[in-house]
Protein chains: 2
Amino acid sequence: MARTTGSHSEITGPRIREAALRLFARHGYAAVSMRQIATEVGVQAGALYNYTADKQSLLFSLMRGHMDELLAAHAALGQDGSPTARLERFTRFHISFHADRPQAVFISYMELRSLEPNNFQIIEALRRDYEDALESILRDGMAGGDFTIADPKIATLAVIAMLTGVNTWYRSAGRLSLEEVEQVYWDMVHRSVTE
Amino acid sequence: MARTTGSHSEITGPRIREAALRLFARHGYAAVSMRQIATEVGVQAGALYNYTADKQSLLFSLMRGHMDELLAAHAALGQDGSPTARLERFTRFHISFHADRPQAVFISYMELRSLEPNNFQIIEALRRDYEDALESILRDGMAGGDFTIADPKIATLAVIAMLTGVNTWYRSAGRLSLEEVEQVYWDMVHRSVTE
DNA sequence: CTTTGATCTGAACATTTGTTCAGTTATCAG
DNA sequence: CTGATAACTGAACAAATGTTCAGATCAAAG
């Protein structure tokens with residue numbers, strides 16, 4: 001064996017993923033060429049194929065990685081406390097997690113249509129898992145009298161849309177700190193599900 | 001002169017716009033070729049250039065048309081009534097208007113990045129006009145004691161994100177009628193800005 | 001140093017891209 | 001019918017696309 005430790009693969013691999021994430025988020029999957037990604041990394045286009053089977057796999061891998069991270073981090077939140085406490089935790093988690101990785105969030109939503117059918121179904125299923133977690137909180141709160149909700153399915157999607165919308169304008173150097181943003185949104189979310 | 005009345009241009013023109021709207025919404029601007037649009041219309045690619053200067057102009061024209069329609073329809077709502085009445089009218093209007101033309105809405109949001117800088121600024125300005133209209137309602141309601149809002153700028157964006165999110169799941173053949181959807185969202189919006 | 005194999009280059013490939021334009025077709029005015 | 005012209009075809013263009021691969025490069029193992 002030769003060239004295992006000093007190999008560049010542990011550097012080039014992540015750099016390709018970072019460059020692809022950045023470019024896909026900015027210009028869209030279809031508008032970005034493999035040559036652009038390669039240039040960003042400082043390598044020729046052919047070298048990319050040591051790290052991904054093809055362009056589609058690269059996109060899927062980015063999205064899959066993001067969704068796995070999201071679900072793992074969410075699972076770590078636990079299920080303790082009242083529905084209200086759980087909803088607050090979910091709200092703050094969603095905002096801060098998404099604010100931390102705006103590009104991956106953007107891609108995972110915008111580029112769903114660029115996925116081949118098989119890959120699409122996998123990502124969709126993961127997203128449903130996440131939405132179901134919120135829906136459970138809302139249903140528990142309805143059953144326990146904590147929340148007043150007309151339709152928990154719709155409320156789930158409405159809340160997620162509202163929270164994910166933070167990413168369209170939030171910048172860490174902006175007027176409000178993340179903590180303040182979380183507080184404002186938690187107030188609005190809480191009120192929207194209570195009378 | 002000849003061939004003015006029986007001309008096909010009044011048929012082909014709109015059909016090109018419809019095909020482009022449908023294809024851009026489904027696959028994205030960059031992923032759709034002029035030839036695909038032409039095929040959909042039943043014409044050769046070259047013929048498209050009797051109706052648009054280039055691909056970019058076609059996209060811009062679709063977005064510009066949508067934003068103009070949106071602002072005109074919104075202006076027709078008027079400014080009468082209390083802030084609460086105006087907010088309800090805005091909410092119901094936004095949902096029904098957007099539910100009627102999901103493809104144009106999708107494009108006008110997703111393909112902003114595909115616009116050249118000049119075109120981008122024009123569309124962005126129109127969108128800000130629309131957001132400002134909602135912000136005015138919220139500020140009036142704060143001043144009059146109708147609403148309790150921590151930050152009207154954020155509340156504006158949060159409400160619009162929530163409402164536009166309807167388009168990600170609403171289908172006219174679905175479980176709920178548009179009227180029911182409007183009611184559910186109006187309840188949530190109203191509660192989110194009041195104590 | 002020599003060998004080994006991972007890493008990358010650089011050129012090549014078949015397609016596809018947006019756009020142009022000379023020429024054909026079709027329809028109405030006179 | 002004749003002539004005019006709007007509408008369209010079909011071929012052509014240079015440039016760019018994703019992907020492949022033989023060969024060069026290079027760092028570590030023996």
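Nothing in this text is a laboratory measurement; each read-out follows from the coordinates by a stated rule. The structure presented is a predicted model; accordingly, all values stated were derived computationally and were not measured. Counting neighbours? That spans all protein chains shown, and the Cβs are built from the backbone with ideal geometry, glycine included.
Numbers at a glance
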| quantity | calculated |
| --- | --- |
| Cα pair count fraction exceeding 19 Å, expressed as % - the stretch B:54-192 | 53 percent |
| Highest-first arrangement of B:11-18, A:30-37, where packing means the average Cβ count within 10 Å | A:30-37, B:11-18 |
| Acute angle (nearest 10 degrees) that the helix B:152-164 long axis makes with the longest principal axis of chain B, alpha-carbon atoms | 50 degrees |
| Shielding by other protein chains, A:155-166, mean Cβ within 10 Å | 6 |
| Inter-copy spacing of A:Arg35 label points, which lie 7 Å from Cα along Cα→Cβ, given in nm from shortest upward | 1.9 |
| Cα-based equivalent ellipsoid, the protein assembly as shown: semi-axes from gyration tensor eigenvalues, Å | 36, 33, 18 |
| Reach of A:Lys55 by Cα under 25 Å, taken over lysines that are not fewer than 8 positions away in the same chain | B:Lys55 |
| Helix A:117-143 axis, angle to chain A major axis (alpha carbon atoms, nearest 10°) | 20 degrees |
| Packing rank of A:84-92, B:140-148, where each peptide gets the mean count of other beta carbons within 10 Å, highest leading | A:84-92, B:140-148 |
| Angle between chain B longest axis and helix B:178-192 axis [Cα atoms, degrees, rounded to 10] | 50 degrees |
